[in-house]
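Engineer: One structure, pasted below without further comment.
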Amino acid sequence: MLPVVKHFPGLGGASGNTDDGPADTLSWSRLLTEAVPPFEAAIKAGVPAVMVSNALVPGLTGATPASLSYAAVTEELRDRLGFGGLIITDSLSAGAIRDGPLSLTVPRASVEALEAGDDMVLFGPTGSMGDDLAVAAAIRTAALDAVAAGHLSRAKLERAVAEVLTAKAVKLCAG
């Protein structure tokens with residue numbers, strides 16, 4: 001079990017539920033003063049993981065959900081706030097991803113999330129263990145294909161894997 005703060009950069013004043021479809025948050029300038037300070041405090045206190053929302057953030061992410069936005073994930077959460085732990089997406093099978101401006105499949109959204117700097121991708125259950133495993137396999141294939149095509153750096157993928165293993169306290173080498 002791992003404590004996770006969510007949904008970065010904040011869902012206050014969201015226009016709807018991102019599980020059901022696309023939704024906008026308050027403007028980035030308002031989130032900076034109203035929603036981001038609790039994340040800053042959690043990071044300062046050593047929180048090990050942050051979940052990024054699927055909402056659109058006016059003034060920060062444009063037509064890209066925060067979970068798939070380099071500006072939100074890497075520039076703000078990693079670089080400006082200095083978060084060095086595990087970054088997790090909200091569910092990539094949510095309506096905000098599937099029915100949003102980008103209309104992405106779970107595998108394609110997963111690659112976008114990894115490119116943005118997320119370490120772990122989540123998706124909702126399909127109702128069938130076999131189908132869930134097929135989605136997981138499609139995500140793996142999409143990520144490896146993106147590396148082979150040069151769209152996703154191998155170093156970025158390896159760093160994401162290292163973050164997941166660190167969070168799970170898995171040590172691959174002695175010492």
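Engineer: In the range 126-135, how many are in contact with a helix residue (DSSP H, G or I) (Cβ under 6 Å, 6 or more places away or on another chain) and part of a loop (DSSP other than H, G, I, E, B)?
Structural biologist: 1
Engineer: Please specify each residue of the range 136-156 satisfying the condition of being outside any loop (DSSP other than H, G, I, E, B), without any contact (Cβ under 8 Å) to a residue 40 or more places away in the chain and either surrounded by 14 or more Cβ atoms within 10 Å (Cβ to Cβ) or of a type in the set (A, V, I, L, M) (or both).
Structural biologist: Ala136, Ala137, Ala138, Ile139, Ala142, Ala143, Leu144, Ala146, Val147, Ala148, Ala155
Engineer: Looking at (1) surrounded by fewer than 16 Cβ atoms within 10 Å (Cβ to Cβ); (2) touching a residue at least 40 places away in the same chain (Cβ under 8 Å); (3) not aliphatic (A, V, I, L, M), which one does Ser53 not meet, given that it meets all the others?
Structural biologist: The single condition Ser53 does not satisfy is (1).
Engineer: A further question on this structure: How about the range 85-121: which of its residues are part of a strand (DSSP E or B) and in contact (Cβ under 8 Å) with a residue 40 or more places away in the chain?
Structural biologist: Of everything in the range 85-121, those that are part of a strand (DSSP E or B) and in contact (Cβ under 8 Å) with a residue 40 or more places away in the chain turn out to be Leu86, Ile87, Ile88, Asp90, Ser91, Met120.
Engineer: Residues in the range 62-84 that are over 19 Å from Asp20 (Cβ atoms) and either of a type outside the set (Phe, Trp, Tyr) or assigned to a strand (DSSP E or B) (or both): how many?
Structural biologist: Qualifying residue count for the region: 15.
Engineer: Out of the range 18-32, which residues are more than 18 Å from the chain's Cα centre (by Cα) and either surrounded by fewer than 16 Cβ atoms within 10 Å (Cβ to Cβ) or assigned to a loop (DSSP other than H, G, I, E, B) (or both)?
Structural biologist: Leu26, Ser27, Ser29
Engineer: Which one of Leu60, Leu68, Leu122 is closer than 18 Å to Val5 by Cα, touching a helix residue (DSSP H, G or I) at 6+ places or on another chain (Cβ under 6 Å) and at pLDDT 95 or above?
Structural biologist: Only one candidate qualifies: Leu68.
The values are calculated or read from the model by the stated rules, or taken from the named source; none is laboratory data. Since this is a predicted model, take the numbers as computed values, not measurements. FYI the Cβ positions are ideal-geometry reconstructions off the backbone, even for glycines, and counts take in every protein chain you see.
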